[in-house]
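Worksheet: the structure to be examined is printed underneath.
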Amino acid sequence: MITDKTFKTGDQFVVTPNATFGDDACKEKAMPPRLSFQAHSAPISAAFDGTAENMYVTLHGSWDRTPPTGYKLVEIPFKRNEDGTYEPVAAADSREGYKDILSNKDVTTCGGFGAAGACFRPAAVVWDSNNARLVVSSDAQQGELYIMAKA
């Protein structure tokens, strides 16, 4: 039964937290993250390469955090399991299961309202039709597009 304290998300019903619905109840119903990014990194777009060996994620960053974080494109290596599913290569508790591909030289200049416009601030990522070049947009300064290819 759906009540005014319950809302539907996808095929699951979510109960509004209350005195009887705490951390223990969440542990029974929730799946922990497989790979984590630092808070305020703001991952907003992701795309796998043609072989699903790597996922490229834009970390948009947050203007209201000191020191700033994010403001980069990262590559997450993936592996294919025997059952055909994919997962990151890094251990589940890793917070460094990725490498920086494109970032600002000095992220400390990216923080503060308005100052973020002076930094590369990736928004979206997509592969071209041949899966040869990765196109990354930035909503900083003039709304740049970066087109990248492996050498």
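None of the figures in this text is laboratory data; all of them are computed from the coordinates on show. No experiment lies behind these values; they were computed from the predicted model shown. Using ideal geometry, Cβ is built from the backbone for each residue, glycine included, and neighbour counts are taken over all protein chains shown.
For region 29-72, taking the residues that are in contact with a His (Cβ under 9 Å, 6 or more places away or on another chain) and at positive phi, the one that is surrounded by the fewest Cβ atoms within 10 Å (Cβ to Cβ) is identified as ALA42.
Pick out the one residue from THR109, THR58 that is touching a residue at least 60 places away in the same chain (Cβ under 8 Å), closer than 30 Å to GLN142 by Cα and among the polar types (S, T, N, Q). The unique qualifying residue is THR58.
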